[in-house]
Amino acid sequence: MKRLLLLLLFGIIVGMTSCSIYINQQNVEIRFEKEYYYKPFFGGIFHSKWITNSVNRNYIRYDKKGNIIEVGEYGEEFHFGSYKKHSDNSESRTYGEGCDYEKLKTVHFIQYDSTNKKIADEFWKFIDNKKSNLISKTIFEYDSTGQFSKETEYKENNIVSCLIKSSKKEKKSTILTSCQYNYNSEGLIKDSIQIQDTILNDSLGRPIEKNQYINGKFSYKTMYFYNTWTDSGYDKLSRFITEIQYENKPDSLYSITELNYDYLKNLTSESVKVIGNEIEKELYIYNLVNNLLVKKIHYSGEDIEYFTKYKYRQFKTE
């Protein structure tokens, strides 16, 4: 969760477009994702081939500008149980739960203004592939120069659950202040969590360091290092190639992430080393039009654990 929040906030500050770097945005309407699992030792039998069963994992829908307008996750959760009374008057009960990957679990619906800035995000729970209830709704606001200024997340009954504000301390730094609210059974604020992110930028406006404090206490620090691609001068959209993260203390190293790209700037591999754990590596394979086809997951010293295949549906030609 912390890494997801970090990437989301990183995207806000860098000013990334809503287009995914994993697709060639031209004429792509939907990207489908399936996962294939590999179990080298399953049921006492060694398997040397990939298990053929796969599960639907996610889909992404785009508009004709390349903006992401829907993100769906499959795997509707279900619960089951049984009760039986035996002839000797003893009783037995069985309970369990699982996921149905033929059915949607949740879907994000995203809206944009005429300048392609995200203005709203609705997060829905699905049952039987239909909307069930609204989990949250987020509104994004911008200042007169078009820079992100405020994000407000609402839960049920329009209760504010999270508020994020952006402010410029000086030219080379940005401060994001967020507050997450917890409510009691009567709908009153019980307590809150105050989070402050200070992002330091280089002369090109790219984040090079981020420090986060939760309720005034240091949480983590992340440092970013970039490549040196040049299209015309220095490329402001050059990707960061190394991310170093510290947690709990400013000098307590937690993880090192390294990324590699091809000459078209497609991400080809990502390696994450969490101190004390094995290296996790993701490999990405693209087709001739730069759409991501396969993502493979490796672990240090082990075989591939699973891989993900992607398929695309184009917009119909008019």
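The values are calculated or read from the model by the stated rules, or taken from the named source; none is laboratory data. In this text the structure is predicted, and so the values were computed from the model without any measurement. Reconstructed Cβ throughout: ideal geometry from the backbone, glycine too, with neighbour counts over all protein chains shown.
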Review point. Is it true that some residue in the range 128-150 is over 20 Å from the mean Cα position of the chain (by Cα), at pLDDT 90 or above and over 28 Å from Tyr112 (Cβ atoms)?
Key: yes
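Restricted to the range 163-177, and to residues that are under 23 Å from the mean Cα position of the chain (by Cα) and touching a residue at least 24 places away in the same chain (Cβ under 8 Å), which residue is farthest from Ile208 (Cα to Cα)?
Among them, the one singled out is Ser166.
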Practice item. Looking at (1) crowded, with 16+ Cβ neighbours inside 10 Å; (2) at negative phi; (3) not in a strand (DSSP E or B), find the lone condition where Gly66 falls short. Key: (2)
Point to revise | Residue within the range 211-227 that is farther than 17 Å from Lys273 by Cα, modelled with pLDDT under 85 and surrounded by fewer than 17 Cβ atoms within 10 Å (Cβ to Cβ) present | key: yes
Check your understanding: What number of residues within the range 107-140 are of a type in the set (Ser, Thr, Tyr) and buried (at least 17 other Cβ atoms within 10 Å of the Cβ)?
Key -> 2
Point to revise | Extreme residue, modelled with the lowest pLDDT, among residues of the range 250-293 that are surrounded by 16 or more Cβ atoms within 10 Å (Cβ to Cβ), over 16 Å from Tyr306 (Cα atoms) and touching an Asp or Glu at 6+ places or on another chain (Cβ under 6 Å) | key: Leu259
Practice item. Identify all residues within the range 184-208 that are hydrophobic (A, V, I, L, M, F, W, C), without any contact (Cβ under 8 Å) to a residue 40 or more places away in the chain and assigned to a strand (DSSP E or B); write none if there are none. Key: Ile189, Ile193, Ile195, Leu200, Ile208
Practice item. Consider only pairs whose beta carbons are under 6 Å apart and that are at least six residues apart or on different chains; among these, list those whose first residue lies in the range 68-83 and is touching a residue at least 24 places away in the same chain (Cβ under 8 Å) and whose second residue is part of a strand (DSSP E or B) and exposed (fewer than 14 other Cβ atoms within 10 Å of the Cβ). Key: Gly75/Cys99; Glu77/Cys99
Study note, to complete from the structure: Over the range 163-191, the set of residues hydroxyl-bearing (Ser, Thr, Tyr) and surrounded by fewer than 14 Cβ atoms within 10 Å (Cβ to Cβ) is Ser167, Ser185
